[in-house]
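First the structure, in the form of structure tokens, and then the observations on it.
We did not get these values from a lab; they are worked out from the coordinates using the rules stated. This is a predicted model, so every value here is computed, not measured. We place every Cβ from the backbone using ideal geometry, glycine too, and count neighbours over all the protein chains shown.
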Amino acid sequence: MSNPRPSFSPASRWKIGFDMLLRTALVLAVMVMLNYLGAQFFHRFYLSSQTRVALSSRTLTVLSTLTNHVDVTLYYDTRDSQNFYPNILALLNEYRAANKNISIRTVDYVRDAGAAEKLKVQYNLPAATDSPNSPPAKDLVIFDSGGRVIVVPGEAIVQHKLEQTMKDDPKQKELQFRNRPVFFNGEIMFTSKLLALASAQPFKAYFLQGHGESSLADSGQFGYAKFGLELAQNYIAVTNLEFTADQPVPMDCNLLIIAAPTAMLADSELQKIDKYLAEGGRLLVLLNYASIEKPTGLEPILQRWGVNVLADYIKDPQNSITGQDVKIREFNPQTFVAPLTQLSLQMILPRPVAKVNWQNPPANAPQVNELALTSETALLAGDPTAAPRRYPVLAAVEQKPVAGVANRRGNTRIVVAGDSIFLGNYYIEGGANRDFLNYAANWLLDRQELLAGISPQPVKEFRLMLTQKQSQQLDWLLLGALPGGVLFLGWLVWLVRRK
């Protein structure tokens, strides 16, 4: 009997080895080609519309012009379900995918204390023991481009609304409220910060002092510390201004802010402000009910620019929480406050700020728009006999360019508010007050076009409403019936196999 033929001859082994080598090479070649095609032409696709993050065309345009490297640090508790960390990270990943000059890292201040302390030192973030008026750093997005740093607080990214909730106990008499997230402003905030970092120099705002105005250094309830911080986050450097005998409004002033003076401005000071506006200056005026008895002197100037601030204040008991505040829900959709349409402002005893109805408007009259109105149930405190009606509380003025005429400072823009308290440290957190400040400042500085097409994203909540009995039944099903069913099936299988 002859010897059996070996299973694998040397030729067979060489053939199998060559075949494996060729297949491996082909697989690697396909992977290389797929990676190349993906790098050149890949566009993300999403299995669910709920997970899709689509950047606006304006943001994509801004990102296409970004050449500087930007380090973005998320200083977050990554396991806090209330801080929108996954949404923020997903959005920033889209920024990074659109521009490779953006890098992203996360520092979890709860679980990585060492890295958190280094970050606090690097960016001079406040610690818990720094000051009772300075809360510890928590939930921040930090943009750093070559040492130029902008810090965005997490509380400014998500717009909340106070709403009444169902009582856990029907016998409970006290009302229950919660802050419900309604809008996600991540793209608005992040794109504006990248624009700020791309600017060679920050815009410069001057904050008038010397007439009892609010103070940027005051961290109390009615101070303007948060106001100044909000402007700084918009890359606007704010400096106090006190007029001297011969000093005009500085030429580097991009925005003049006058916040609730309690004393009359001198004639010489009013002349300087009038000249500043005639040269194309930008002005934010915040008046309140206290100036009804003590006029500031600004009222005639504003009237010449088409804005009439009435010597009275508004009350609206049907749209009020404390009796002194007034909820403002109607906004002019043709102006820069259009994104606030589904939100509300919380103003305190605001003065009516109306457009002047000229019988014979002057040549080249400025364009005046009333920005926001009260409800139809509003009343004038000084005229109880007047029928309830809507009253305007905010106005904007713009002087369109004249052919052949060039102003030293540009084209005049003015925003007038019938209240100043709503932008103080306490009430700036109410409603969309903070958002109004952002929109107003960017419109005054002619930066609103850069954010055109970016709107707040509605936050969708899916809530399962269960009674106490239904909740107990669900607990029994999940903790008892399902595990018990699995055990029962296992026992049946064991019983069958045993037989």
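Worth a mention:
- Backbone N within the range 355-370 under 18 Å of label point (7 Å from VAL402 Cα along the Cβ vector): 360-368
- Rounded if a/c under 1.5, otherwise prolate or oblate - the range 69-124, Cα gyration tensor axes: oblate
- Working value for the range 57-165: equivalent-ellipsoid semi-axes of 25, 20, 13 Å, each the square root of 5 times a Cα gyration tensor eigenvalue, largest first.
- Per-residue Cβ neighbour rank within 10 angstrom, fewest leading, TYR206, TYR123: TYR123, TYR206
- Each residue of the range 481-494 was assigned a 3J(HN,Hα) from its phi angle through the Karplus expression (A = 6.51, B = -1.76, C = 1.60, θ = phi - 60°), giving 5, 5, x, x, x, 4, 5, 5, 5, x, 5, 5, 4, 4 Hz with x at Gly and Pro.
- q = 0.14, 0.15, 0.16 Å⁻¹, the range 201-450: log10 I(q)/I(0) [Debye, one scatterer per Cα]: -0.92, -1.07, -1.23
- Fewest neighbouring Cβ atoms within 10 Å first, the residues LYS226, LYS469, LYS355 line up as LYS469, LYS355, LYS226.
- Each label was represented as a point 7 Å from its Cα along the Cα-to-Cβ direction; for VAL493 and MET264 these points are 9.3 nm apart.
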